[in-house]
Each structure stands twice: as structure tokens, then as C-alpha cells.
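Visitor: I'd like to ask you about the structure that follows.
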Amino acid sequence: MSDPFAEKIAILYQAIEPPVIDGQRKDAKPGGYSDSGADMGVALRAVGCTLVTPVADPDPTSVFDWVWPDTPEGIDAALAAGATLLWANTVVFDGHPIEAASRRAWVVSADPRTMQDVDDKAATNARLAAEGLPVAGSWVVDGAAQDIEAQLAAFAGHLPLVVKPLRGRGSQGVSVARSLDEMIAGTRAIVAGGKFGTAIMIEQFLPGQEITITVMPAAAREGAQGPFALPPVRRFDQHDDVAPYNGDVPVSTNSAAMTCEERANPAIVTVTAACEQAASLIGIRTPMRIDCRQDVTGAYLLFDVNIKPNLTGAGRPGREHEDSLSTIAAAAVGWRYADLLVAAIRGAWTNRDNTA
């Protein structure tokens, strides 16, 4: 465990183009999470953490003053500038440069192989369901298959259904199909968009309340015996039963932490425990987020596991409404944005002891 106030922290952003994995690709986020990286840097410096930045006097309005590219060259430059801890605020994958960097410094990052595996939504849901966790049903099709219309017609008896990229990001490309024509159109739109490959996930539609639960690694809280959940956050003002992408609509305008009374509901208690169990099975090292929704019986099912949640936070000029879902959850237990970040840093890991 590292001391957040003793390390010299460099924050990395996504500069590496995401690789093609099993024929599928997760499109890079515009800006590569540099916006949240700058939010994090400003907040951490404000509470006394030492930041290593590309410029000596970073401007809070200039995001790239605060972050380093996650390339080998960017990491080398951050370490040469004195960084002792690298926060990989980026999507990592098997073979990502952060693996080699973990032998030279402390790292705040999901395990690269774990993130790559979890990003396959269908495989992750199947794994959790096999462990007895309540997960939405789903199927995978190749949207570019010549007989795709016939394949989709086989699901017509289960409508409405959700159509989404297998390796997606947020709600981009997600739609609810209430007819076969809509299911075909949603599938074709994802393939034609070219951002996420051709593997399409057809998922059980859940008609009830949607919530998202942030789970922290055990190291984030002294005495914790395993991953622990922050209060669930309710989602509302959805567009055609899909939460709008946070790059288009700030989540602070359509989300709110559940009250203590709401959290005492047995269905919420049950799904919160399920999310903590899922995080334990996955073996998280950083905060993660799981989206859940009620089925027709009122029970909550897990439907989207996000091992790299957005961690934006208000604080920089013009960012007053940019709190993330995890930031909103943290505020419900009295944590400031910086407190959430400091807790995450306590989960830093290193492979330095494993080298000769």
C-alpha cells in the first residue's frame, strides 16, 4: 500500500490507439480521458499531494498541462521528471506499457489482462452468472454476418431487447429495440459506425429503475476485508430507456445518490452485496462501476460491468457540473472528490519486488 501524500504522482491519459482484440475494437475516447486527468490533478494538488506534471506551472484550464501520454515515451518522461507513482487514467490491455512501468514505480491501474477480459461484456456476464450472481441474459451475434437478419429474427419472441457493442464504452451505440426492424437497424448502425467492431450483444431488456454502484478495492479503506460499495446512484431522465452518454449530458443532471431509506430496501441490499461479490471475483485494484436495473419482478440484475469508470470531478473552471457517478456516490458518504481519489491511490500496486 502506498502513501498518497508521500508519492510523486503522474497521471497518464489515453494516447495509445486501442488494439483490436479478438477482431473487436474499443474506440478511443476523444481526448483520451485528459479532461478527468486534469480534474484529478487539480483536486489532488489542492489537498497536499505532490503532482509531477509536463509543465512547471500547470494551468487548470489547460488539460494537457496535467497529464502524460500512456506511451512508453510518455511514461519514461514522467519517471525521469521524478514520478514515483503512475495513475493510468486510461484503458489498459494485455501488453500495455503500464505493465513494464509497474516494475519501476507504484501504479494505480486495473490489472491490464483483467481489464481486457472484463471489457468483453458477454464473457464477463457469463462468468458472474456462473457464480450465481443476478445478471441480465444476453447473446452475441456477428453484425456483419450475411444472414444477420435471420439470426436476429430468432430473438423476435423476446422483444424488447437491448442492442449494444460487445466492447463498448458508456451508452455509445446502445439502443432498445421494440421490433425486429429496430433490432436490425441498431445492429447495422453499430457496424456502420466502425468504432466498436462487428460483435453485437443482444441483451435482456430490464424495464425498471436503473442504478449504478461504485465498488472500491479493499485497500481503499483501512480495515476493509474485501471490496466495498459506495451508495447506489439512481439514474433518471433517460432517452428511450437508455441513459445518455456522459460526454453529451453531464451525469450530475440526471443522477442522484440514494438516501439511507432507499438503500435499506431489501432489493438494494441484495444487489449491493452482489456487486461487491462481483468485484471480489474479478479481483479489482481500482474503483469500478456496475450498472444494474430492475426486472419485471422488481429484482435488480447486473447488466454492465465497467472496470474503468469515468472519474471526472468539479473543481476546475467551467467544470462545475462534471461530477462523475462515482464522485456523486462518494459525496453520499461524506467524501470530497479528492477523498475519493486519495482512497483509490491507497490501492496502488507495484511489481518491483518481483524483479531480479
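Visitor: Can you give the extra length, in nm with one decimal, that the chain gains between E222 and E182 once fully stretched, where that is 0.36 nm per residue apart less the Cα-Cα distance? If you can, show how the numbers build up before the last one.
Guide: Working: separation 40, 0.36 × 40 = 14.40 nm, distance 4.93 nm.
Between E222 and E182, full extension yields 9.5 nm more.
Visitor: Let me ask something additional. Just to be sure I understand: of the beta bridges DSSP finds with both ends in the chain, what percent are antiparallel, rounded to 5? List each step's numbers first, then the result.
Guide: On the way: 37 of 51 bridges.
Of the beta bridges lying entirely in the chain, close to 75 percent run antiparallel.
Visitor: How much of the calculated P(r) for the range 95-149 lies past 13 Å, in percent of all Cα pairs?
Guide: Details: 1046 of 1485 pairs.
Tail of the P(r) past 13 Å holds 70 percent of the pairs.
Visitor: What FRET efficiency would be calculated for the residue pair E17, R336, taking the C-beta separation as r and a Förster radius of 56 Å, to the nearest 0.05?
Guide: Details: r = 35 Å, r/R0 = 0.62.
Approximately 0.95, to the nearest 0.05.
Visitor: For the chain, what % of the accessible area comes from carbon and sulfur atoms, probe 1.4 Å?
Guide: 50 percent
Visitor: In percent, what relative contact order does the chain have, based on Cα pairs under 8 Å that are 6 or more apart in sequence? Please report the intermediate quantities before stating the final value.
Guide: On the way: 748 pairs, mean separation 73.4, N = 356.
Here the relative contact order equals 21 percent.
Visitor: Points 7 angstrom from Cα along the Cβ direction at N265 and S62: gap in nanometres?
Guide: Label at N265, label at S62, 4.8 nm between them.
Visitor: Then there is this: Pop the C-beta distance of T50 and H321 into the FRET formula with R0 = 35 Å and round what comes out to the nearest 0.05.
Guide: Details: r = 29 Å, r/R0 = 0.82.
Plugging the Cβ-Cβ distance into 1/(1 + (r/R0)^6) gives 0.75.
Visitor: Sticking with this structure for a sec: Amide H to amide H under 5 Å from W87: which residues, 5+ apart in sequence or cross-chain, H placed 1.01 Å off N in plane?
Guide: Here A10, I11, L12, V108 satisfy the definition.
Visitor: Would you mind putting 211-218, 146-153 in packing order, based on average other-beta-carbon counts within 10 Å, highest first?
Guide: Working: 211-218: 24.9, 146-153: 14.2.
For the peptides 211-218, 146-153, the packing ranking is 211-218, 146-153.
Visitor: Given charges of +1 on the Cβ of Lys and Arg and -1 on the Cβ of Asp and Glu, with all other atoms neutral, how large is the dipole of the chain about its Cα centre, in debye to the nearest 20?
Guide: Numbers: 29 positive and 43 negative charges, 101 e Å.
That gives a dipole near 480 debye.
Visitor: Given just the C-alpha atoms of the range 7-65, how large is their convex hull per residue in cubic angstrom? Please report the intermediate quantities before stating the final value.
Guide: Values: hull volume 5.4 nm³, N = 59.
Cα convex hull per residue, to the nearest whole number: 91 Å³.
Visitor: For all pairs of alpha-carbon atoms in the chain, what percent lies in each bin of width 10 Å, listed from the first bin to the last filled one?
Guide: Pair shares across the bins are 5, 25, 34, 24, 10, 2, 0.
Visitor: Using a basic spin-label model with each label point 7 Å from the Cα along Cα→Cβ, how many nm lie between R234 and A256?
Guide: Computed distance between label sites R234 and A256 equals 0.6 nm.
Visitor: Now, a different point. Output ³J(HN,Hα) for the range 319-329: one whole-Hz value per residue in order, computed from phi by the Karplus curve 6.51 cos²θ - 1.76 cosθ + 1.60 with θ = phi - 60°, and x for Gly and Pro.
Guide: 10, 4, 10, 9, 5, 8, 4, 5, 5, 4, 5
Visitor: Another question about this same structure. Counting only heavy atoms of the protein chains, get the accessible area per residue of the chain (1.4 Å probe) and round it to a whole Å² value. Provide the component values of the computation, followed by the final result.
Guide: On the way: 14270 Å² over 356 residues.
I get 40 Å² per residue for the chain.
Visitor: So, one more: Pairs of lysines 8 or more apart, or on different chains, with alpha carbons under 21 Å: count those in the chain, would you?
Guide: 14
The values are calculated or read from the model by the stated rules, or taken from the named source; none is laboratory data. These numbers were taken from a predicted model, which means no experiment stands behind them. Positions of Cβ are generated from backbone atoms using ideal geometry, with glycine treated the same way; all protein chains shown enter the neighbour counts. Ligands, DNA and RNA are stripped out before the accessible areas are found, and what is left, the full protein with its side chains, is counted by its heavy atoms. Shrake-Rupley method; radii C 1.70, N 1.55, O 1.52, S 1.80 Å.
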